[in-house]
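**Q** Mind looking over this structure? Questions follow.
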Amino acid sequence: MLVKLSINGEQYEADVEPRLLLVHMLRDVLRLTGTHIGCDTTHCGACTILMDGRPVKSCTIFAVQARGKQLMTVEGLEQDGKLHPLQEGFMAEHGLQCGYCTPGMLMTSFAFLKKNPRPSEDDIRWAISGNLCRCTGYVNIVKAVQHAAAQMA
Amino acid sequence: MIPAAFAYHAPSTIGEATALLAKLGEDAKVLSGGQSLIPLMKLRLASPAHLVDINGIPGLSGIRETDGFLRIGALTRESELEESEIVRSRYPLLHDTSKVIADPLVRNLATIGGNLAHGDPANDHPATMLALGAEVVAVGPKGERRMPIASFFTGPFETGLKPDEILTEVRVPSPPARSGGAYLKLERKVGDFATAAVAAQVTLAANGACESVGIGLTNVGLTPIKATKAEASLKGKAPDEATIKRAAELAAEAAEPSADLRGSVEYKKDLVRILTTRALRKAVERANTRR
């Protein structure tokens, strides 16, 4: 089935089997490998992308369901060679250790800060509760999001 | 994990969708939010030959209060319930519930209709809808019918829906003055199913006695459980500590949990007792602030 969609503002299309998961289309067909596959069981959130502005787990959506949608992946954060304040924040505050959960953390935080630009620490912890960091580096992840919120204010 | 191959159908009207279901029979499953179905398909616990995706059918989502009901379209996402001002201010039990289903990312796709139609006793809306005395609307090739939620859950992962019917709407009776509710859930971590959870809804009479009471239990039986004896024990009585204690004991007796990694039978029954006590207290407190 032909899937046409927009990713990070660019048009893409691919002919895929209905059972192909969206994350596999992103990584294996379109070669956008920034989005990670973690648990593959809808728990960890490493595969989080934005679909029509909402963060969702791309391992739990079929690619055919994304026909006509606007997607944003971690590759869309950097603009004109300049990192997004969230990416800067994760660097400055050491918000990543192994880096595996980072693309998902970034995308969830990106959507969250659009909705809540001045969040409390509790708000941030609530927002990222569907993203797991197996290094358990949550303290610095929260600081990284706070760093970005301050930069963007 | 790769699901088994299936044929994908994306009808644009309810009529088209129910005609497809009638034709395909038991080989077809309805795809709404997909947050339970797709994981089951990836584990090959479900391998439907056909998926009928209802996400492209207009008019199946939205929240409005009319004709004495809160009418919630079946495709309404949990995050929409969570953010709804009318749900937050007028249906605190439903607001509580929508905040603790799975995790924030799953709630952006998961739907209220799917949560009920899946028939999973571990899901959260069933107990809440039992406590609220809701009804569900189903549409099939022969038209529309309404079912009271109390007779909707017929077995584990089984509901009163026929294979060619689609759940289109959930109707919650608008609460009278002096009504309140609460949902309390114990989970090991965000995103886990409840070890146990309790939904309580009360309406108080002018003299402070319980005029109507609804109590639903999550994940402590083969189906969601309506704790009818506990409800009856409160009716017509002032909800004082002794009355709430007795109702909580009756709710614990109604629970039929099985032992698993989340706890023993005794532990879960006692958890139901404690959660019922706290949910009733909170429901009464909220009813008293909404005159």
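**Q** With contacts defined as alpha carbon pairs under 8 Å and 6 or more residues apart, what's the relative contact order of chain A in percent? Spell out each step's value before the answer.
**A** Details: 285 pairs, mean separation 38.2, N = 153.
Value for chain A: 25 percent.
**Q** Which ³J(HN,Hα) values, rounded to whole Hz and listed in residue order, are derived for the range B:25-40 from phi using the Karplus coefficients 6.51, -1.76 and 1.60 in 6.51 cos²θ - 1.76 cosθ + 1.60 with θ = phi - 60°, glycine and proline given as x?
**A** Per residue, the Karplus-derived 3J(HN,Hα) values read x, 5, 6, 10, 10, 7, 9, 10, x, x, 7, 9, 5, 5, x, 5 Hz.
**Q** Still on this structure, I have one more. Please compute the average number of Cβ atoms from other chains found within 10 Å of each residue's Cβ in peptide B:109-117. Intermediate values should be presented prior to the final figure.
**A** Values: counts 8, 1, 0, 0, 0, 0, 0, 0, 0.
So the per-residue partner count for this stretch is 1.
**Q** Could you let me know the centre-to-centre spacing of the range B:30-54 and the range A:79-135, using Cα atoms, in angstrom?
**A** Between the Cα centres of the range B:30-54 and the range A:79-135 lies a distance of 30 Å.
**Q** Mind pulling the angle between the C-alpha long axis of helix A:102-115 and the longest principal axis of chain A? Nearest 10 degrees, somewhere in 0 to 90.
**A** 80 degrees
**Q** Distance from a point 7 Å along Cα→Cβ of B:Asn55 to each backbone N in the range B:1-43: keep the residues under 11 Å and list them by number.
**A** It comes to B:31-35, nothing else.
**Q** Moving to a separate point now. Could you derive backbone 3J(HN,Hα) for the range B:202-218 from the dihedral phi with the Karplus parameters 6.51, -1.76 and 1.60 (θ = phi - 60°), listing whole Hz in sequence and x where the residue is Gly or Pro?
**A** Running phi through 6.51 cos²θ - 1.76 cosθ + 1.60 with θ = phi - 60° gives 10, 10, 9, 7, 4, 7, x, 7, 6, 8, 9, 9, x, 9, x, 10, 9 Hz.
**Q** Averaged across A:102-113, how many Cβ atoms of other chains sit within 10 Å of each residue's Cβ atom? Present the calculation step by step, with values, prior to reporting the outcome.
**A** Details: counts 0, 0, 1, 0, 0, 1, 3, 0, 0, 3, 1, 0.
Partner-chain Cβ atoms within 10 Å, mean over residues of A:102-113: 1.
**Q** So how do A:8-20, B:116-128, B:198-210 stack up, highest first, on mean other-Cβ count within 10 Å? Before the final figure, lay out each step's value.
**A** Details: A:8-20: 14.5, B:116-128: 25.2, B:198-210: 22.3.
Ranking, from highest mean packing down: B:116-128, B:198-210, A:8-20.
**Q** Which value does Rg/Rh take for the range B:179-286 over its C-alpha atoms, Rh per Kirkwood? Can you show the working numbers first?
**A** Values: Rg = 13.4 Å, Rh = 13.6 Å.
On the Cα set of the range B:179-286, Rg over Rh gives 0.98.
**Q** Could you give the Stokes-Einstein D for chain B in µm² per second, using the C-alpha Kirkwood radius, 37 °C, 0.692 mPa s? Write down the numbers at each step before the final one.
**A** Working: Rh = 19.3 Å.
Estimated diffusion coefficient is 170 µm²/s.
**Q** In the range A:135-149, whose amide N lies under 13 Å from the spot 7 Å out along Cα-to-Cβ of A:Cys98? List them in ranges.
**A** Under 13 Å, as judged by backbone N against the label point of A:Cys98, lie A:135-137 of the range A:135-149.
**Q** Placing one identical point scatterer on every Cα of chain A and ignoring solvent, what is log10 I(q)/I(0) from the Debye formula at q = 0.09, 0.21 Å⁻¹?
**A** With no solvent term, the Cα-only Debye profile gives -0.27, -1.31.
**Q** Still on this model: How many partner chain Cβ atoms sit within 10 Å of a residue's Cβ in peptide A:34-43, on average, as a whole number? Could the numbers behind the result be given before it?
**A** Working: counts 0, 0, 0, 0, 0, 0, 4, 4, 12, 8.
Per residue, the number of nearby Cβ atoms from other chains is 3 on average.
**Q** Label-point separation (nm) for B:Lys237 and A:Asp15, each offset 7 Å from Cα along Cα-to-Cβ?
**A** Computed distance between label sites B:Lys237 and A:Asp15 equals 7.0 nm.
**Q** As a test of the formula, what do you get for the protein assembly as shown when each DSSP H run with n ≥ 4 contributes -39,500 (n - 2.57) and the sum is divided by the residue count, at 222 nm and rounded to the nearest 500 deg cm²/dmol? Each step should come with its number before you reach the end.
**A** On the way: 15 runs with 146 residues, N = 444.
The per-residue figure over the protein assembly as shown is -9500 deg cm²/dmol.
**Q** Separate question: Can you give me the distance in nm between label points at B:Leu43 and B:Ala177, each placed 7 Å from the Cα along the Cα-to-Cβ direction?
**A** Going from the B:Leu43 label point to the B:Ala177 one covers 4.9 nm.
**Q** Within the range B:43-80, which residues have the backbone N less than 12 Å from the label spot 7 Å out from B:Ala4 along Cα→beta-carbon, could you tell me?
**A** Only B:43-50 pass the distance filter.
**Q** Also, quick follow-up: Which of the lysines could be linked to B:Lys162 by a straight reach, that is with a Cα gap under 20 Å, when you skip same-chain ones fewer than 8 residues away?
**A** B:Lys23, B:Lys29, B:Lys142
**Q** Still on this structure, please answer the following. Return the FRET efficiency for the residue pair A:Val29, B:Thr13: r is the Cβ-Cβ distance, R0 is 30 Å, and the value is rounded to the nearest 0.05. Spell out each step's value before the answer.
**A** On the way: r = 31 Å, r/R0 = 1.03.
According to the calculation, E is roughly 0.45.
**Q** State, as an integer percentage, the relative contact order of the range A:1-61 based on alpha-carbon contacts under 8 Å between residues 6 or more apart.
**A** Numbers: 78 pairs, mean separation 14.8, N = 61.
Once normalised by length, the contact order is 24 percent.
**Q** Can you tell me the order of A:30-36, A:115-121, B:176-182 when each peptide is scored by its average per-residue count of other Cβ atoms within 10 angstrom, highest first? Let's see the in-between values first.
**A** Working: A:30-36: 16.9, A:115-121: 12.6, B:176-182: 20.0.
Descending packing order for the listed peptides: B:176-182, A:30-36, A:115-121.
Values quoted throughout were computed directly from the atomic coordinates according to the rules given, and no laboratory measurement underlies them. As the structure is a computational prediction, the values presented were derived from the model and not from experiment. Using ideal geometry, Cβ is built from the backbone for each residue, glycine included, and neighbour counts are taken over all protein chains shown.
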